[in-house]
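Heads up, the thing below is written out as structure tokens.
What follows is calculated from the coordinates using simple rules that are stated; it is not laboratory data. Fair warning: this is a prediction, and the values are worked out from it, not measured in the lab. Backbone-built Cβ (ideal geometry, glycine too); neighbour counts: all protein chains shown.
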Amino acid sequence: MLSLSSSQPHPDLEGAFRTIENGGRKAKAWLKDKLVGSKFALPALYQPRSRIPLEIWKSAPSTTNGNEQAHRNINRDGVNLTMLGAIMRGMQYDARAMG
């Protein structure tokens with residue numbers, strides 16, 4: 001298995017790490033960042049290292065497309081609004097999205 005993105009235990013995770021480390025300076029730096037620098041990155045890819053229960057992990061979408069679309073949609077309603085304006089626009093957006 002070459003992918004680290006999995007909900008199942010990797011048959012040879014340490015071997016996969018060694019393969020990545022042997023991929024050159026950039027690959028080694030990438031792996032170091034995932035293991036040491038960004039402590040959330042590997043658990044976000046590899047469920048056995050995550051605290052998220054497996055059934056919740058599997059029920060989540062495999063892409064962030066829905067989140068990206070929602071971000072685009074809400075920004076179409078306005079940016080750089082006052083606090084009151086943002087709250088009112090947010091209420092209007094929620095009413096449309098739920099209606």
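Each Lys and Arg adds +1 at its Cβ and each Asp and Glu adds -1 at its Cβ; summed about the Cα centre, the chain shows a dipole of about 280 debye. Applying the Karplus relation 6.51 cos²θ - 1.76 cosθ + 1.60 with θ = phi - 60° to the range 30-46 yields 3J(HN,Hα) values of 4, 5, 4, 4, 6, 8, 10, x, 9, 4, 8, 5, 5, x, 6, 8, 10 Hz, where x marks Gly and Pro. Computed on the chain, with alpha-carbon pairs under 8 angstrom and 6+ residues apart, the relative contact order is 21 percent. Between the listed residues 24, 13, 3, the Cα displaced farthest toward the positive end of the dipole of the chain, a dipole computed from Cβ unit charges relative to the Cα centre, is found at 24. For residue 6, the amide hydrogen comes within under 5 Å of the amide hydrogens of 46, 47, counting only partners 5 or more places away or on other chains and with H modelled in the peptide plane. Inter-label distance, residue 74 to residue 96: 1.4 nm, where each label sits 7 Å from its Cα along the C-beta direction. Can you match volume of the Cα convex hull per residue in Å³ to one of these, [x] 134; [y] 162; [z] 94, based on a calculation from the structure here? Matching the structure shown: [y].
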